[in-house]
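A.B. asks: Before we start, here is the structure in question, set down as structure tokens.
The values are calculated or read from the model by the stated rules, or taken from the named source; none is laboratory data. Please read all numbers here as calculations on a predicted model, not as lab measurements. Backbone-built Cβ (ideal geometry, glycine too); neighbour counts: all protein chains shown. Heads up: the accessible areas ignore ligands, DNA and RNA and are worked out on the full protein's heavy atoms, side chains in. Shrake-Rupley method; radii C 1.70, N 1.55, O 1.52, S 1.80 Å.
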Amino acid sequence: DAHVIRSTTALAILRVVVEHLPPGSRSIIASRAEPALPLARWRANRDVVEVRTDDLKMSVAEGAALFRAVDAEVSAATAAALVDATEGWPAGLYLSTLALRDNPDLDLAGFGGDERAVAAYFIQEVLRAESEEHVEFLTRASVLEKLSGDKCDAVLERSGSAEVLDQLERSNLFVIALGRDREWYRFHRMFRDLLRAELHRREPESEPRLLRAASEWWEGNGEPDTAIAYARRAGDADRVSTLVWTNLMAYVGSGRTATVQRWLEPFTEDEIAARPALALAAAWAAFTGGNTEDLDRWATILQTFGSDERLPDGAPLAGAVALVQAQIGANGLTAARDAADVAYRQYPDGPTHAVACVFSGLASRLLGDSDAARARCREGLHLGIVYMPIVAAHCTAQLALLDAETGDWTSASRMADDALRLVEEYEVEERPAVAEIFGAVAYVHARDGRSDVRDLVKRGVWLVSRLVGVAVYGQIDARILLARALTTIGDAAMARTLLVDAQALLDRYPDSGRLPELLADAQSHLDAVEVPLGVAAAPLTPAELRVLRYLPTHLSFAEIADQVYVSRNTVKTQAIAVYRKLGVSSRTAAVDRAREAGLLDP
């Protein structure tokens, strides 16, 4: 208990005694904090050995040995759990054996600092030795998982918290510094248990207020996920709802749908259905996760709210509900575009506006309004870069297709590369909704003779198979694009399967715009591949078709061979066979003849 010495004279006597011990003698000083002795000089002279808190922590094996020594019947799993709960604190482990002795049926797996024996130790040995100011600081700060001077000042409505934290940590008062810079701290878990129990006893009304203040602090410091966690602990469902809606689009748009689902987990379905913002979050999580059954249910629930209902940011609910209807798109392209435009107008900026650009742009392209589609997608691209990378990826893919329609394949190829980069960078490759992006990229890359087409198509086909009952127009378009890519690389069988599926969806889809035209065009290209060119001509084999796709490029036969993983002689042989079947004698003439026959895009 050297930490209790305050007298300057007593400390001086202690120093003299320690420094003038007879040869062969040692002194041991036990203290909860560093005593006011010349430790720095002793360290420099190698006169002192310091045993600190971390050195005294018990391992799982040592904890188990302690339990055996006091005849405590504890399983290996429970022993490990207790060592973890106490963070290896020897006194805490021993106190757990006393608790077990008093109550043999005690669930040690849930043993914490608020258990009677441990709480009594903390109160008598720690809190009673501290000033009332420090005790008040400790109990109120116990609502926080991590502590910093700025955070404690804001949440506890005080000043000087950084100095208090530094003092408490140096006093070994179960306050642990996180890092050498001593900016962030935490409490020992068992000590925090006791402090929270004390806060309930002393100021039962303070905890919700402190938790809300912590939520506001984390929100202001750009950590909405943590802000939501504190608001939930405060029992403030309205604040949770506000934070979820404010951050929803940014999270689903950057591939963090699982986080949004975690935000909703503590709520029952009835509680979610009672709050429009939470119902919208559930709908978007269902959409991005490909759960169409849940999406339909939440879309129906959203329709039950009044037309004058407002969201936490003051915007009308009608625009957000219209955007959900646009993503479902069950009533045709015109209805989908109009619904997206409602959201576009009601949300003039921000992530919701960006999402509206995606659906409006896609529907406009399929309705044949290329100018409107390009304008929406360019706007969505710029907003998406700021707010939602997945929006930027979708808009970039649509711009690639619009460039391809005008024959600007150089720009289309660049846009396709950018779209794929965004999908991979933000790890959203497994979202069913990105099937449209994979279809667009595969279509453009096939035209360029790229070697990754088959992998892109495989991923796109898998994703579009999971996209059931949502954005039907996008499903049809994705299948057509994937089929066009497969036709280009010579996989007619799979292309035909995709077109059959697209036709089945189209037969049930109202107001389908250009989709029938695009489907017929894809079918004609497929038929051209499968039908011989002329009376005496033999149809091109898949290998010959694959080489044909590279002939319009600048690649030499050797470079084409590298792309398709065969020898140069094989490529040359297949190219000569293509010339023969097309009735030409040169590479340029073969390209011209193939375009006339519909085997290559103009």
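A.B. asks: Could you order the peptides 352-359, 39-46, 249-256, 161-168 from most to least packed, using the average number of other C-beta atoms within 10 Å per residue?
C.D. replies: Packing proxy ranking, top to bottom: 352-359, 249-256, 161-168, 39-46.
A.B. asks: Something else about it: Using a Förster distance of 56 Å, how high is the FRET efficiency between residue 382 and residue 172, based on the Cβ-Cβ distance and rounded to 0.05?
C.D. replies: According to the calculation, E is roughly 0.55.
A.B. asks: I'd like to compare 555-562, 497-504: which one has the highest average count of other Cβ atoms within 10 Å, and what's the full order after that?
C.D. replies: Going from most to least packed, we get 497-504, 555-562.
A.B. asks: Oh, and also: If each residue of separation counts as 0.36 nm, what is the full-extension length gain between residue 293 and residue 268 once their alpha-carbon separation is subtracted?
C.D. replies: Computed gain between residue 293 and residue 268 is 7.2 nm.
A.B. asks: Excluding same-chain residues fewer than 8 positions from residue 581, which lysines have a Cα within less than 18 Å of its Cα?
C.D. replies: 572
A.B. asks: For residue 184, which sequence-distant residues (separation of 5 or more, or a different chain) have an amide H within less than 5 Å of its own amide H, given hydrogens modelled in the peptide plane?
C.D. replies: When sequence neighbours closer than 5 places are left aside, the close amide H contacts are 178.
A.B. asks: If I model a spin label as a point 7 Å beyond the Cα along the Cα-Cβ vector, how far apart are those points for residue 101 and residue 304 in nm?
C.D. replies: For residue 101 paired with residue 304, the spin-label model returns 5.9 nm.
A.B. asks: Give me the number: length gained by fully extending residue 41 to residue 76, i.e. 0.36 nm times residue separation minus the C-alpha to C-alpha distance, one decimal in nm.
C.D. replies: 8.1 nm
A.B. asks: Separate question: Could you point to the label whose value was computed as Rg and Dmax of the Cα atoms in Å for the structure here, given [x] 34.6, 116; [y] 28.2, 97; [z] 26.2, 85?
C.D. replies: [x]
A.B. asks: If I model the stretch 1-104 as equal point scatterers sitting on the Cα atoms and use the Debye formula, what is log10 I(q)/I(0) at q = 0.11, 0.20 Å⁻¹?
C.D. replies: -0.53, -0.94
A.B. asks: Accessible area per residue of the stretch 1-44 at 1.4 Å probe, in Å²?
C.D. replies: 73
A.B. asks: Find the relative contact order for the stretch 270-336 and round it to a whole percent, using C-alpha pairs within less than 8 Å whose residues are 6+ positions apart.
C.D. replies: Relative contact order of the stretch 270-336: 25 percent.
A.B. asks: Follow-up question, since we're still on this one. So what's the Cα pair-distance distribution over the stretch 126-255, bin width 5 Å, in %?
C.D. replies: Percent of pairs per bin, in order: 2, 11, 20, 22, 19, 12, 8, 5, 2, 1, 0.
A.B. asks: How large, in percent, is the carbon and sulfur part of the accessible surface of the chain at a probe radius of 1.4 Å?
C.D. replies: 50
A.B. asks: When the helix-only estimate is applied to the chain (DSSP H runs of n ≥ 4, each -39,500 (n - 2.57), divided by the residue count), what is the mean residue ellipticity at 222 nm, nearest 500 deg cm²/dmol?
C.D. replies: Value at 222 nm, helices only: -20500 deg cm²/dmol.
A.B. asks: Pairs of Cα atoms under 8 Å, at least six residues apart: use those to get the relative contact order of the stretch 262-418, whole percent.
C.D. replies: Here the relative contact order equals 12 percent.
A.B. asks: Would you mind putting 48-61, 371-384, 174-187 in packing order, based on average other-beta-carbon counts within 10 Å, highest first?
C.D. replies: The packing order, highest mean first, is 371-384, 174-187, 48-61.
A.B. asks: Taking Cα atoms of the stretch 189-348, Rg/Rh with Kirkwood Rh, to two decimals?
C.D. replies: Answer for the stretch 189-348: 1.06.
A.B. asks: For the stretch 167-267, what's the relative contact order in percent, using C-alpha pairs closer than 8 Å and at least 6 residues apart?
C.D. replies: Result for the stretch 167-267 is 14 percent.
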